[in-house]
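S.K.: Below is the structure I would like to discuss, written out as structure tokens.
Please treat every number below as a calculation from the coordinates, not as lab data. This one's a predicted model, so the numbers in the text were calculated from it and none came from an experiment. Note: ideal-geometry Cβ built from the backbone for every residue, glycine included; neighbour counts use all protein chains shown.
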Amino acid sequence: MTDDSDPPPLPSDLPSDPLPGPQPSAARPEEEFPAEPKDSWAEKAHAPGPEVPAEANGDDELVVLAKGHLHPAILLLRLIDALRQAAFPAILGIFTNPWFLVAALTLFLMRLTYSVIRYLTLEYTLTPEELRIREGLLHRQERRIPLDRIQDLGFESTLLRRSLGLAVVMVETASGRGVEAKLDALSRADAEHLREVLLTARPAGSTSATIGGSVNSTTASSSDPDNQQRDADGVAAASPPTPEVEWLVHRTTTRELLIRGATDMRLSAFAVSGYAAYELAHQLGFLTQLAGIANSFQNWVTSLSPVLLMALLASLLFLVMALGIVTSTVGNLVQFHRFEMVLRGNVLQRRFGLLTTRQKTLPRARVQRVTIEQTWLRRLCGFAVVKADSAGGSRTDGQDISAGWDVVVPMTKATTAHALLPALLPGIENTKFTWKQGSRKLVARSAMQGTLLAGIAIGGLWWRVEASALFALLLIPLWTAMGVLVWRNLGWARGEDFFALQHGIIGKNFACVPTAKVQAVVVRQGIIGQLLGLADLTVYVAGGSPTRIPDLTLHDARELCIELSERAGIAAATDW
């Protein structure tokens, strides 16, 4: 086994071809949004409805690429939601007070009326410049989202929605608030059409690019006979997009998902569930009966010999851990079923899910940070999780976003995870990194913190336990050992266009940030840090997702802060 304290292998340290060459993605038999045949693109450009007349906008015509409404089947889902929300007060009205029936009926009608009004008034329009969504009757709202501000596209379809042929479309921007616009729900054909048009119409470097990428303005040369005919008819029709080949980047196996579940033991979930069960029993009046059962169980336990008691406790602990492993494994198998990541042009697409199928697009140019995360058990087994942040949302290291939207690879070998970096961050394979380790003063800082904690603990416990309070002195070697582990795992490297960091205590996290994405760099010093000449450096990118480097020397922190700021400023000036 290699020493895990060494810097992780970066793409520049790996062979030129660490993974097999890209492969065209095989069609999935039950794909939620299947790829369209090439000869259907012409019809697909107008799939949601008839040709839409151009809207006047000064002297220019507004090209409408897609326009439509929610699918009528969404009313059935909203009816089911309204019935579910009114069910509990209706039951209370039947068995207790009849006024609850009135409340249930009022709640049902209000919910259903709102859903019908939203269905009738919501309309989306997609142009080469923006996505526009209008809705509302008494309170009207119009939302315009420039295409070059769209960070991610998400598509979700529950089991019931799939049976009705529906899908939810979610749009994220750089606001950092998560989902900026949500269309719940469109038909699968409309959702597929909207996705393809958005991917091809979104400008790569100029907001004037059109869907096919070959026309750079909303009006073409008047010498084109087709354009002359279009002008004569007063209709601005969208050009059919050119299909792009899908290249398979990674596919997660069932074995890897089993390993993810087996190494994802979160006992805190059982603590929360136990507290919720306690509160429910208290509300329902079962607590007194449970107290009697608990007293009987306590009397039975006290009658056991110490050996049997230890065996019983060990068995209970084993059952709790086994239940946690089984629950986590089943959850991961369901959530990330048939996970695969493909590359179309310069856009990554992830597809996964069993009961609820999900798809999400991630333009590589929008990636703000990539992390490779290993808990202590996954590090011991040599596996890691790969995640990517865009400006559409933020998280902290180790945090999981609901539905797994931030996951790029749910589980793979650590060497494979590092080899996948060029697929997420183009250009990193040509970057030469120079690794530096954190300051040894970090160990001294940890020892000082342990000494301070031990002194507080002894002072607070001495009046109760007297000499036994001296056991708190064990905090000093414990904190010192923790500081040694942190120092051994801490390292950072900077290249021409990327900045990398690794940190951890028993587990290990690796983060890589393109310097062009840096929004702000902050240097902080606490009291102990000022005494030892240490500082923390925090790098911020769009949407949050801060990357923190603890316990650098003040000189290194300031030098790195200036360098990152200068490179980010040069990149920003180039973009402008």
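S.K.: If you average the C-alpha positions of region 333-378 and of region 433-504 separately, how far apart do those two centres end up, in angstrom?
M.R.: For region 333-378 versus region 433-504, the Cα centre distance is 35 Å.
S.K.: Could I ask something else about it? My understanding is that a pair violates if its Cα-Cα distance is over 20 Å; which of 387/432; 441/517; 182/517; 67/182; 436/508; 182/387 do that in this structure?
M.R.: From the list (387/432; 441/517; 182/517; 67/182; 436/508; 182/387), the Cα-Cα distance tops 20 Å for 387/432; 441/517; 182/517; 182/387.
S.K.: Mind sorting 383, 339, 318 by how few other Cβ atoms lie within 10 Å of their own Cβ, fewest first?
M.R.: Ranking 383, 339, 318 by Cβ neighbours within 10 Å, fewest first, gives 318, 383, 339.
S.K.: Then there's this: Can you bin region 125-173 into rounded, prolate or oblate? Criterion: square roots of the alpha carbon gyration tensor eigenvalues sorted a ≥ b ≥ c, rounded for a/c under 1.5, prolate for a/b above b/c, oblate for the rest.
M.R.: Taking the square roots of the gyration eigenvalues as a ≥ b ≥ c, region 125-173 is oblate.
S.K.: Kindly put 561, 512 in sequence by how many other C-beta atoms sit within 10 Å of each C-beta, fewest to most.
M.R.: Neighbour counts put them in this order, fewest first: 561, 512.
S.K.: Could you please rank 264, 148, placing first whichever residue has the fewest other Cβ atoms within 10 Å of its Cβ?
M.R.: In increasing order of surrounding Cβ atoms, one gets 148, 264.
S.K.: On to the next question. Identify, among 106, 145, 164, the residue whose Cα sits farthest towards the positive end of the charge dipole of region 103-177, taking +1 on the Cβ of Lys and Arg and -1 on the Cβ of Asp and Glu, with the dipole about the Cα centre.
M.R.: Checking the options against the dipole of region 103-177, the answer is 106.
S.K.: Another one. Return the FRET efficiency for the residue pair residue 520, residue 330: r is the Cβ-Cβ distance, R0 is 56 Å, and the value is rounded to the nearest 0.05.
M.R.: Efficiency computed from Cβ-Cβ geometry: 0.85.
S.K.: In addition: Which residue, chosen from 391, 317, 377, occupies the Cα position most advanced towards the positive end of the dipole of region 310-399, where the dipole is computed from +1 (Lys, Arg) and -1 (Asp, Glu) charges on Cβ about the Cα centre?
M.R.: The residue sitting most towards the positive pole is 391.
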